[in-house]
Amino acid sequence: MKISETVAIVTGGASGLGEATVRNFAAGGAKVAIFDMNEARGAQVAAELGDNVIFSKVDVTSEDAVKEGIASAMGAFGRIDACVNCAGIGIAMKTMGKEGPHDYQTFRKVLEINLFGTFNVLRLAVEQMVENEPNADGERGVIVNTASVAAFDGQKGQVAYSASKGAIVGMTLPIARDLAFYGIRICTIAPGLFLTPLFEGLGEKVVESLSAQVTFPKRLGKPSEYGELARNIVESPYLNGETIRLDGAIRLP
């Protein structure tokens, strides 16, 4: 699927990995709909990138909000070819801590946004993709989900986050099999330690310490590198049903 002929939804597209993906896709000639809760930042990114990028304030856990966002994308661009899910949150809370057991509602919230939100958006995007005319490779659409190395190497205090990301990895192959009939592919990216706004706020010494844990190159990942891989997945018709670690070969102890 040529990026220049692609209409994409990017959740969490107002910052971090999502914003980098929006910028990469737009630079390649794609039309992009940003779904994010940060209205000010989302509108700013869309305005900066021009008429081929629109913004919709979307809570990915809300069926109605996602349907409205998809309707806006369809109204602006006429179809949806790709869906990149970057929206997510992370918390630090142990299963049992000094203040007692892990808060149940907090656990639910992480799963609702990271896992349920991802599936909510992709299933409704697929509803539109199946109406597309297949291209020369028989493709009608592509989904790119975001997991994390925490799906495999989860740390203390990451039980909710790791559970949500592990489930995203686990549903990749079944979704690929479910959607093969329609010519829709899906891959998942599992990023390692990336220089997102979260890490930038930790200070130079912390970033240096984290960078030292990476096998090679000895640095945090650049959001632009996530965007490049997402674009490569869209453009590579034989990539399907796979989770790709983008992590500099880090294996967290």
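The values are calculated or read from the model by the stated rules, or taken from the named source; none is laboratory data. Quick caveat, the model's predicted, so the values are computed rather than measured. Heads up, the Cβs are rebuilt from the backbone with ideal geometry, glycines too, and the neighbour counts pull from every protein chain shown.
Picking from residues in the stretch 128-154 that are touching a helix residue (DSSP H, G or I) at 6+ places or on another chain (Cβ under 6 Å) and surrounded by fewer than 20 Cβ atoms within 10 Å (Cβ to Cβ), the one that is farthest from I244 (Cα to Cα) is V130.
Of the helices (runs of 4 or more DSSP H) contained entirely in the stretch 191-243, those carrying at least 3 residues that are farther than 21 Å from K2 by Cα fall at 197-200, 204-211.
Does the stretch 173-180 include one or more residues that are of a type in the set (K, R) and within 15 Å of the chain's Cα centre (by Cα)? No: the stretch 173-180 contains no residue that is of a type in the set (K, R) and within 15 Å of the chain's Cα centre (by Cα).
For the stretch 40-67, what are the residues that are within 25 Å of R108 (Cβ to Cβ) and either assigned to a loop (DSSP other than H, G, I, E, B) or acidic (D, E) (or both)? V58, D59, V60, T61, S62, E63, D64 - these are the residues of the stretch 40-67 that are within 25 Å of R108 (Cβ to Cβ) and either assigned to a loop (DSSP other than H, G, I, E, B) or acidic (D, E) (or both).
Among the candidates T172, T188, the residue that is outside any helix (DSSP H, G or I), polar (S, T, N, Q) and within 17 Å of V84 (Cα to Cα) is uniquely T188.
Among the residues of the stretch 81-102, those identified as within 15 Å of the chain's Cα centre (by Cα) and among the aliphatic types (A, V, I, L, M) are A82, V84, A87, I89.
Selection of the stretch 1-23 for residues being out of contact with any Pro (no Cβ under 9 Å at 6 or more places or on another chain), buried (at least 24 other Cβ atoms within 10 Å of the Cβ) and assigned to a helix (DSSP H, G or I) yields only V22.
Within the option set R231, R219, R245, being in contact with a helix residue (DSSP H, G or I) (Cβ under 6 Å, 6 or more places away or on another chain), over 14 Å from C86 (Cα atoms) and of a type in the set (K, R) holds for one residue only, R219. Checking the stated criteria, E127 turns out not to satisfy the condition of being farther than 28 Å from T6 by Cα, under 21 Å from the mean Cα position of the chain (by Cα) and outside any strand (DSSP E or B). Among what's in the stretch 63-111 and is surrounded by fewer than 19 Cβ atoms within 10 Å (Cβ to Cβ), modelled with pLDDT of 95 or more and among the acidic types (D, E), pick the residue that is farthest from V32 (Cα to Cα). Taking the candidates together, the pick is D103.
Figure legend. Inter-residue proximity from the stretch 234-252: first residues touching a residue at least 60 places away in the same chain (Cβ under 8 Å), second residues assigned to a strand (DSSP E or B), beta-carbon distance below 6 Å, spacing 6+ or different chains. Indicated pairs: V234/A82; V234/V142; N240/R185; E242/C187; T243/T188; T243/A190; R245/A190. No other residue among G192, G221, G170 is touching a Phe, Trp or Tyr at 6+ places or on another chain (Cβ under 6 Å), more than 16 Å from V142 (Cβ to Cβ) and either buried (at least 21 other Cβ atoms within 10 Å of the Cβ) or modelled with pLDDT of 95 or more (or both) apart from G221. On the basis of being β-branched (V, I, T), in contact (Cβ under 8 Å) with a residue 24 or more places away in the chain and in a helix (DSSP H, G or I), does I70 make the cut? Taking the combined requirement at face value, the residue satisfies it.
Pairing residues of the stretch 203-214 that are farther than 16 Å from R251 by Cβ with residues that are of a type outside the set (F, W, Y) and modelled with pLDDT of 85 or more, at Cβ distances under 8 Å and at least 6 apart in sequence or on separate chains, gives V207/L195; V207/L220.
Taking A125, is it under 23 Å from D36 (Cβ atoms), surrounded by 15 or more Cβ atoms within 10 Å (Cβ to Cβ) and touching a Ser or Thr at 6+ places or on another chain (Cβ under 7 Å)? Spelling it out, it is not the case that A125 is under 23 Å from D36 (Cβ atoms), surrounded by 15 or more Cβ atoms within 10 Å (Cβ to Cβ) and touching a Ser or Thr at 6+ places or on another chain (Cβ under 7 Å).
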